[in-house]
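Can you keep this structure in mind? I'll have questions shortly.
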Amino acid sequence: MKRGERIDEFIDGIDHSNKELAMGALHDAKYCVKKANNIFFERYNYLFDRMPFTEEQKNTFHRTIIDSYMDMAEVSRSVGKSVNSCLVYYYGEFRKKDEFRTFLRQMNDNYELCVVCGKGGELICCDGCNRPYHLECVKPPLIRVPEGDWFCALCINDTRRIKEKPSLI
């Protein structure tokens, strides 16, 4: 391999609109292609995350925010953006739309019904995902409302939602 050949391959593999970003990454990496590649993708992902939401991403956001009981981590995974970008969209754009009123009505309806049996009544909400449950619908059933934070089985099994697994009771 000739000197500089890997640099040429790195630059040639980049779309024309991103060559300036790639050259900056290469310079900052002191012309180490492996480091430049990591820097480039880190910067590219940062810029991509800050690009406006596409119509498809907006539709996915609107659907997922309701289906997930406003779980921004789940919304983020569905949309393909960071939680931070989803929150910026939520507070900056979504809350200003007429769809937000519909969203609030649907969320109010959702929070009045247990996710297990679909009935209303006295409900507790998970501190991880906000889903509502009857005490008797939780597995294992609860005798009373627990003190402090309470997490449903879905959140206990999903370590991304909580730092450590708390007990159900």
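Please work out which one of (1) under 17 Å from F100 (Cβ atoms); (2) at pLDDT below 85; (3) assigned to a helix (DSSP H, G or I) is the condition M70 fails and give its number.
Status for M70: all satisfied but (3).
Are any residues in region 144-154 without any contact (Cβ under 8 Å) to a residue 24 or more places away in the chain and assigned to a loop (DSSP other than H, G, I, E, B), and if so, which ones? Before you say what the answer is, go through the steps one by one.
Just the residues of region 144-154 that are without any contact (Cβ under 8 Å) to a residue 24 or more places away in the chain, to begin with: 144-149, 153.
Across region 144-154, the qualifying residues are R144, V145, P146, E147, G148, D149.
Another question, then. Can you tell me which residue within region 50-67, out of those that are within 15 Å of the chain's Cα centre (by Cα) and of a type in the set (A, V, I, L, M), is surrounded by the most Cβ atoms within 10 Å (Cβ to Cβ)? So that I can check it myself, show each step before the final result.
Of region 50-67, the ones within 15 Å of the chain's Cα centre (by Cα) are 50, 53, 57-67.
Now drop any that are not of a type in the set (A, V, I, L, M), which leaves 65-66.
Working: I65: 23, I66: 16.
Out of the qualifying residues, it is I65.
The values are calculated or read from the model by the stated rules, or taken from the named source; none is laboratory data. For clarity, every value in this text was computed on a predicted model and none was experimentally measured. Glycine gets a Cβ as well: all are built from the backbone with ideal geometry, and neighbour counts include every protein chain shown.
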